[in-house]
1. Looking at (1) within 25 Å of the chain's Cα centre (by Cα); (2) part of a helix (DSSP H, G or I), find the lone condition where residue 218 falls short.
2. For residues that are in contact with a helix residue (DSSP H, G or I) (Cβ under 7 Å, 6 or more places away or on another chain) and touching a residue at least 40 places away in the same chain (Cβ under 8 Å), scanning just the stretch 76-96, find the one that is surrounded by the fewest Cβ atoms within 10 Å (Cβ to Cβ).
3. Among residues belonging to the stretch 249-271 that are out of contact with any helix residue (DSSP H, G or I) (no Cβ under 7 Å at 6 or more places or on another chain) and either surrounded by fewer than 19 Cβ atoms within 10 Å (Cβ to Cβ) or hydroxyl-bearing (Ser, Thr, Tyr) (or both), point out the one that is farthest from residue 295 (Cα to Cα).
4. Among 88, 96, which is the only one that is farther than 17 Å from residue 24 by Cα and touching a Gly at 6+ places or on another chain (Cβ under 8 Å)?
5. Pairs please, first residue from the stretch 135-159 and within 25 Å of residue 111 (Cβ to Cβ), second anywhere and of a type in the set (A, V, I, L, M) and in a strand (DSSP E or B), Cβ atoms under 6 Å, 6+ apart in sequence or on different chains.
6. Return the only residue of 115, 165 being touching a residue at least 24 places away in the same chain (Cβ under 8 Å), in the same structural domain as residue 180 (by TED's automatic domain parsing) and within 30 Å of residue 202 (Cβ to Cβ).
7. Please determine, by comparing only the residues of the stretch 175-215 that are assigned to a loop (DSSP other than H, G, I, E, B) and among the hydroxyl-bearing types (Ser, Thr, Tyr), which one is surrounded by the fewest Cβ atoms within 10 Å (Cβ to Cβ).
8. Pick from 169, 246: which is surrounded by fewer than 22 Cβ atoms within 10 Å (Cβ to Cβ), at pLDDT below 95 and among the aliphatic types (A, V, I, L, M)?
Amino acid sequence: MSTEQTNTPPSFTDFGFSEPILRAVLEQGYTTPTPIQAQAMPHVLKGQDVMGAAQTGTGKTAAFVLPILQNILPLASSSASPARHPIRALVLTPTRELADQVADNAFKYAKYTDIRTAVVFGGVDMSAQTSLLRSGVELLIATPGRLLDHIGQKTANLSQVQILILDEADRMLDMGFLPDLQRIIGLIPAKRQTLLFSATFSPEIKKLAQSYLRDPVTIEVARQNAAADTVRQVIHMVPSEQKKDAVIKVLKARIQQGLTRQAIVFTNSRIGCGKLASALERSGIKAGAIHGDKSQIERMQILESFKKGTMDVLVATDVAARGLDIADMPCVINHELPFNAEDYVHRIGRTGRAGAQGDAIALVDASEERLLADIEKLMNRKLLRLPVPDPANGPAGDPFFYMPYRASAAKEEKPSVAGQAETTDQAGAQASSQATSKPSIQPGAKPRAALLGGFKK
């Protein structure tokens, strides 16, 4: 495997994208690629195999979607004949939600081309997906199980696939998809380009890469134990029985400070997830829960409401939230610490993306201090401990953590807090002013067709 470092080009225009693709990119207001985009896209455009390790929210989806579209564009056809639209590129993802997010990117950036894009995943009626596949699709995004269903029904043919992408490959292995992956890859021509993206280069991932990639370029833009500099982390020590009230206080304090009320709250159990969402609803906070007991339709409806802003808080378990890529997520709250320190990094990686500021708040009781110690060891830093804000006292009752977002923050000196731990978190960071041009490519609004497994012609 070779490793190459590439300096970030000043603009997306430097990659040589064709006019229809570049127009779609610029239409979204994006100008500067993220590190994973800058490093991966030149190699993908050249047809090289790539093995990439990138943190959640780094823009990795666009890093492979854009060059894939560029590479298959010369073969695109305006013909209505399904035979002129074989599957040329296949993206495999571990979860329905992630498949949907990748499809969002593909729909947006293929909008001015003749490339047909479709997404198929389980939990929804198969007949609509079957009709789409039979009409012809060049770029297919799929979960392994549902794709094998379509292969079994002979509605998906992989014999002309030229590019294979394994997204969140580590998660696919964790979920037991290796036999399915082996079956699917066995149906794809050996002469192909293969891209593999993973949170880390574990021994299992390296073995997978050795089996299916040819002399891949290795790109690693962030260590797994790294949190974005734009994420400010704080710990509230709270007894277990007071955590629900603490979540409500934190959310109401944020509202008093003029911050957006939207947040993702993580729990460790399905039962706890549902109970917390109900408690938030009773307090007047619009909340919904996504977990494994919810049907796919219910989960997609809740997620859509959250993205539209008609729901304030999304309460989720790790399994249900894996792969969610929600633009401009301002706040992540850990109602409970995860049992695995690396999962904490995944959770907080959903805020502070692409240069935007975000808060990561954790409610920790005495029984979780060992888990907190593991997290701090992994991250090689001591996290800031502060009292739970008291919205009953108004904005003045919360003089510390949320203040940097206020316009007057630069003129105010942050009061010292007794017992405050040393931290590298910069609680006096910049106010949340946004640049006029967006620095990276992230998913935006979703076409309605994507909810059912749709396509763009």
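1. (2) is the only condition that residue 218 fails.
2. Residues of the stretch 76-96 in contact with a helix residue (DSSP H, G or I) (Cβ under 7 Å, 6 or more places away or on another chain): 77, 82, 88-89, 91-94, 96.
Filter again for touching a residue at least 40 places away in the same chain (Cβ under 8 Å), leaving 82, 88-89, 91-94, 96.
Values: 82: 13, 88: 19, 89: 26, 91: 27, 92: 24, 93: 29, 94: 23, 96: 22.
By that ranking, first place goes to 82.
3. 258
4. Values: 88 fails: touching a Gly at 6+ places or on another chain (Cβ under 8 Å).
Checking each option against the conditions leaves just 96.
5. 137/118; 139/89; 140/90; 140/118; 141/91; 141/119; 142/120; 146/120
6. Criteria check complete, one pass: 165.
7. 200
8. Selected residue: 246, the only one of 169, 246 that is surrounded by fewer than 22 Cβ atoms within 10 Å (Cβ to Cβ), at pLDDT below 95 and among the aliphatic types (A, V, I, L, M).
The values are calculated or read from the model by the stated rules, or taken from the named source; none is laboratory data. Only a predicted model underlies this, so the values are computations on that prediction, with no experimental measurement involved. For neighbour counting, all protein chains shown are included, and Cβ atoms are generated from backbone atoms with ideal geometry for every residue, glycine included.
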